[in-house]
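This report refers to the structure that appears directly beneath it.
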Amino acid sequence: MRSVALPLPVAALSIVCVLPVYGQRPSREFTRDSAAPYLSFPEPGLDDPAAYEGYTTRVFRDSRGNAFQVYVNGATARVVNLWADALDESVGFTVRDSGGKPAELAWGTARAVVAESLAGRMRSLSYGLEAPGSVSLGLFLLGSMRVERDLQYGRRDTLPLDAAPFPQHELTELIDHIARLKPSERARHLAMLGIKTVDALRARLTPHIVLEHSDTTWAVHVEQPSFDGKHHLRLEISGDSRETVPALAGSVLTVRRPAGGPVRISMRVTTDAPALTPLSRTEIFNDDFHRFYDAVRADTSHAERFRRLEREVRGVEVLCYGEKLMAGLPNFATYFGRDMLMTALLMQPVWAPEMPEHVIASALGKLAPDGDVSHEEALGGQAIRENAAEYNRLVAARRLAQARAVLGQLDATRENYIMIDDDFQLPVVAARYVADPRVSVERKRRFLGVENRLARLVANLDYVARHAAPYARNPIATNLVSFPRGSDGRWISASWRDSRAGYGGGRFAMDVNVIWVPHALESIGTILDALSQLGLKPAIPKGPLATFAKDRAALARAVATWKGAERHFQVTLAGGAVAERVSKRVNWLPQQERDYWVAVQTRAGIEQDSIRFLALSLDAAGRPIPIVNTDPAMALLLDSLGRDRTLELVEPILRLYPAGLYVEGLGPLTANDGYAPRDVWETFRPDPYHSPTVVWGRDVNILLAGLSLQIAALPSGSDAAPLADAVQRTVTAVDRSGLRHAELWSYRIDNGRLVPTRYGTSSDVQLWSLTDLAVQYLLNHHTP
């Protein structure tokens, strides 16, 4: 492979990131093409650059249509290159100026060069950056994007440039275990990793860095194989010897420009990782959406609307592959069960009828033997870390034969089954697919007839029936579906609010028990009926599912019982109690926030109305933890509820904060813990991800899509004005935030003003945030 630099001015610094086979010089046999960024953030006219606080990113598509993202975190000058392919790989490093501060980096070229070897084994992409002067590069981390993510979560991107970026103790412990084995057994284990000595294996933990010179160019090669030796990363940094002077000191490269002034940085990244199979927009969207898209494009008087629509369509494209739908870029470029399933439900009005097959097939392919849906996969370097931990446990227990089996497949994909909401969402999505008359009988039979999908689907239905059975038999709160208990004794937040504080310390989640379990049970009947109509007769294990298959009245009773679970979560507070609790919560806040929200209360008048809402969760004894939340909006997606019931569910969401969730110029907060005890406030404060300080784009889309569907379902002549007003208030607030299309956003109080801000670790391209496409379509068709 021959290095092809983008056109650079004289005195440019060229940084080329390459990921070919370790220890081999690149082949010259490459095909090349030029490409503009497929997506960029922030984008003039669509985004507020100030809200991004120095963060900038571009997403390209490689020669196979897989997403390649590069981002620069201006606060730390961390440059990360993500290849969102079958291994979720990344190359990251930090750039600092001559004073040791984060270097000011900007894009140096408008386009990139994509390339692929003629043999198809390697793909590359080149692009440019610009720095204002001499720079130093260090903290090189080559491997899994999950490891890069952990490095940044741990703030290790701020360490000295020569520090170890992210020690992986699982791998060092594995090496120590091998070193202590008897010589014959040690040799056997090393051979499985394609290496002869412990020292050589230990060398795989750090990159090998070499500086080379010629009369006109210099190059630094940073090489590191994956720990199992199957995949290889190579970072090449090069420049013009006549204009720039490199110096390598250990793992830190310093590049000076003696003449002074700015330098331009060109980068190339190449990977030999397997590519995924991208889906095109014609495969993803249905004819109705394409007509809507064409109409928006034709409306030249609202050009910005089309720009945003096109950007969202592209966002969906870079996340959708035949093998799976990724959760988001850059941090979650892998399978996430819940994200796919929720997206399938939200996007049903605009998706091609066959699109759910990719979601269902992916979920079924990763299903646990007992029918549990995988929440998240671990790929490549992250899989190696997790498998190494398993190897270490087995060796410590002297179970060497099993340890060797793990070692032989050290990069095998691992699944995380800790979440519970996705287990009950899969039947809902599957039921809608098998009952969809737009999909032919032959196609459904063919889809279910391969890869053991029918048996796997039945296993999931059996899982749902078994976990719903205790409450169906005896409907008391402590028989509801529970979160698992963590090793520290706390209940794990095992639904979508999966941060530590997400459910306020609760054991039983409202969204799981009030919304997903009843609808999963209903879906069992839909699926069994559809399978019968398809002429399919799967084996059904003994137990509750077999009972439901034989006795539909028993299934109907179970559904009715579960629909009564809402009563455990109902909270009603009189006006006086509302005012008292809200005031206590506001007075507890830091002064700037307290003053702001007191002013809001003063303008709105002291809250005198009672409030009625569904608690976010129940504690271990089955008592409500009174946190107002957006989750009731999910119910609007699944049933025709009628105007009054819809308004009852959304009233707390649209009530002005700090009594409800609605914040003008921001949107509906995801939670309000003002009615909960003080220990809940103190839990949320340092863990804001699902707290009363953030708005989630996911919540906004669920609310808007649900309201639109409820408006469409109203009988002719019904008064839709209150629901339409709810839509308009929500749209107005989130549009004014300037962050409507982000994954989530927050705010700060600045001189008595509420200033919306981008949440620091939010995704740039997020799957369920892009369901805004369905929202736009529904609002266009169903909202007065």
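The values are calculated or read from the model by the stated rules, or taken from the named source; none is laboratory data. This structure is a prediction, so every number in the text was calculated from the model and none was measured. Every residue, glycine as well, gets a Cβ built from its backbone with ideal geometry; the counts of neighbours run over all protein chains shown. Calculation scope for accessible area: heavy atoms of the full protein, side chains included, ligands and nucleic acids excluded. Shrake-Rupley method; radii C 1.70, N 1.55, O 1.52, S 1.80 Å.
One table, with the values for the structure above:
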read-out	value
Those residues of region 117-132 which are more than 21 Å from ASP157 (Cα to Cα) and either of a type in the set (Lys, Arg) or open to solvent by less than 30 Å² (accessible area, probe 1.4 Å) (or both), in sequence order	SER117, GLY120, ARG121, MET122, ARG123, SER124, LEU125, SER126, TYR127, GLY128
Qualifying residues in region 404-427 (those that are outside any loop (DSSP other than H, G, I, E, B) and open to solvent by 10 Å² or more (accessible area, probe 1.4 Å)) - the one nearest to GLU390 (Cα to Cα)	VAL406
Only listed residue being under 22 Å from PRO165 (Cβ atoms), surrounded by fewer than 17 Cβ atoms within 10 Å (Cβ to Cβ) and out of contact with any Pro (no Cβ under 9 Å at 6 or more places or on another chain), chosen from ARG180, ARG202, ARG242, ARG186	ARG202
Residue ID - nearest to ALA275 (Cα to Cα), chosen from residues in region 293-324 that are assigned to a helix (DSSP H, G or I) and hydroxyl-bearing (Ser, Thr, Tyr)	TYR293
When residues of region 88-112 are limited to those that are touching a Leu at 6+ places or on another chain (Cβ under 6 Å) and open to solvent by 10 Å² or more (accessible area, probe 1.4 Å), the one nearest to ALA163 (Cα to Cα)	LEU105
Of all residues in region 652-667 being touching a Leu at 6+ places or on another chain (Cβ under 8 Å) and either of a type in the set (Phe, Trp, Tyr) or in contact (Cβ under 8 Å) with a residue 60 or more places away in the chain (or both), the one that is surrounded by the fewest Cβ atoms within 10 Å (Cβ to Cβ)	GLU664
Per-region count, region 578-594, residues more than 18 Å from GLY504 (Cβ to Cβ), open to solvent by less than 60 Å² (accessible area, probe 1.4 Å) and free of Cβ contacts under 8 Å to residues at least 60 places away in the same chain	2
Which listed residue, of LEU649, LEU636, LEU641, LEU618, is in contact (Cβ under 8 Å) with a residue 60 or more places away in the chain, open to solvent by 10 Å² or more (accessible area, probe 1.4 Å) and within 22 Å of PRO518 (Cβ to Cβ)	LEU641
Of the criteria (1) touching a strand residue (DSSP E or B) at 6+ places or on another chain (Cβ under 6 Å); (2) under 19 Å from TYR55 (Cα atoms); (3) touching a residue at least 40 places away in the same chain (Cβ under 8 Å); (4) of a type in the set (Gly, Ala, Ser), which one ALA110 fails	(1)
Residue list for region 133-146, filter: within 17 Å of LEU235 (Cβ to Cβ) and surrounded by fewer than 21 Cβ atoms within 10 Å (Cβ to Cβ)	SER136, GLY138
Any hit, region 266-287, residues being among the aromatic types (Phe, Trp, Tyr), closer than 21 Å to CYS320 by Cβ and in a helix (DSSP H, G or I)	no
Residues being within 14 Å of PRO207 (Cα to Cα) and out of contact with any Lys or Arg (no Cβ under 9 Å at 6 or more places or on another chain) - total across region 127-140	1
Flag if ALA549 is open to solvent by 70 Å² or more (accessible area, probe 1.4 Å), of a type in the set (Gly, Ala, Ser) and either modelled with pLDDT of 95 or more or not in a loop (DSSP other than H, G, I, E, B) (or both)	no
In region 325-372, residue farthest from LEU461 (Cα to Cα) [restricted to those that are in a loop (DSSP other than H, G, I, E, B), touching a strand residue (DSSP E or B) at 6+ places or on another chain (Cβ under 7 Å) and of a type outside the set (A, V, I, L, M, F, W, C)]	PRO330
Candidates VAL727, VAL755 - the one that is of a type in the set (Val, Ile, Thr), within 26 Å of ALA599 (Cβ to Cβ) and either part of a helix (DSSP H, G or I) or in contact with a Phe, Trp or Tyr (Cβ under 8 Å, 6 or more places away or on another chain) (or both)	VAL755
Residue match in region 517-540 (condition: closer than 30 Å to HIS690 by Cα and polar (S, T, N, Q))	yes
Residue within region 679-701 that is aromatic (Phe, Trp, Tyr) and open to solvent by 30 Å² or more (accessible area, probe 1.4 Å) present	yes
Pick from region 702-720, criterion open to solvent by 40 Å² or more (accessible area, probe 1.4 Å) and not in a loop (DSSP other than H, G, I, E, B), ranking: farthest from GLU312 (Cα to Cα)	ALA713
Qualifying residues in region 732-748 (those that are of a type outside the set (Phe, Trp, Tyr) and open to solvent by 20 Å² or more (accessible area, probe 1.4 Å)) - the one nearest to VAL694 (Cα to Cα)	ARG748
Inter-residue pairs, beta-carbon under 6 Å, first at negative phi and in region 236-249, second assigned to a strand (DSSP E or B) and of a type outside the set (A, V, I, L, M, F, W, C), 6+ apart	GLU236/HIS221; SER238/SER14; SER238/THR217; GLY239/SER14; SER241/THR217; VAL245/ARG256; ALA247/THR254
Selection status of HIS221, out of contact with any Lys or Arg (no Cβ under 8 Å at 6 or more places or on another chain), in contact (Cβ under 8 Å) with a residue 12 or more places away in the chain and surrounded by 14 or more Cβ atoms within 10 Å (Cβ to Cβ)	no
Residue list for region 100-133, filter: over 30 Å from LYS230 (Cβ atoms), of a type outside the set (Gly, Ala, Ser) and in a strand (DSSP E or B)	PRO102, TRP107, LEU129, GLU130
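Conditions (1) open to solvent by 10 Å² or more (accessible area, probe 1.4 Å); (2) free of Cβ contacts under 8 Å to residues at least 60 places away in the same chain; (3) under 28 Å from the mean Cα position of the chain (by Cα), marked per residue:
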{"position": "ALA430", "(1), (2), (3)": "no, no, yes"}
{"position": "PRO437", "(1), (2), (3)": "yes, yes, no"}
{"position": "ALA472", "(1), (2), (3)": "yes, no, no"}
{"position": "ALA477", "(1), (2), (3)": "yes, no, no"}
{"position": "ARG485", "(1), (2), (3)": "yes, yes, yes"}
{"position": "ARG500", "(1), (2), (3)": "yes, no, yes"}
